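Coordinate-derived values only; no laboratory data. Worth saying up front: this structure is predicted, and the values here are computed from it rather than measured. Positions of Cβ are generated from backbone atoms using ideal geometry, with glycine treated the same way; all protein chains shown enter the neighbour counts.
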Amino acid sequence: MNEIITRFFSFSSHCKPEVLGRILHEVENLCNTFHFYCRDATWGVTQQEKLCIYGGLPIIIKKSNSDHTLLTPDSREQAPPHRYVLPLQIWLTHLYPIEPPLVFLLSAEQGCRIASNHKYVDATGRCHTPELAA
């Protein structure tokens, strides 16, 4: 993986050795923590080379029992948590970290779609966050 990242950023004029070292550390940490993978690929019709970090982000949503009946001390059980794996792609350009990454949430399962009114994710799966745009 380090070879892919080093080769990708070797074309970047702004990427000094200390910046490259930090990028290597952060991408390796991300991939090891969440079992993500890394590859270089071309992007869209322009065929621009980008670095793609991809994998499934595990999440757990805890839901309380939605039954509106009177609860007794014995019946105050939590419903089992729902476990999901969100398929993500994070695309870096040669100008990273100056240029923010492109983050996409993919809809991999049949019948699974992204809510059209989501505040931070559009219908294509692209994630928009104020922190990355700043």
TODO: Can you put V85, V121 in order of Cβ neighbours within 10 angstrom, beginning with the fewest?
DONE: V85, V121
Open item on the list: Checking the cross-link filter: which lysines have an alpha carbon closer than 28 Å to that of K50, excluding same-chain neighbours under 8 positions apart?
Closed with: K16, K119
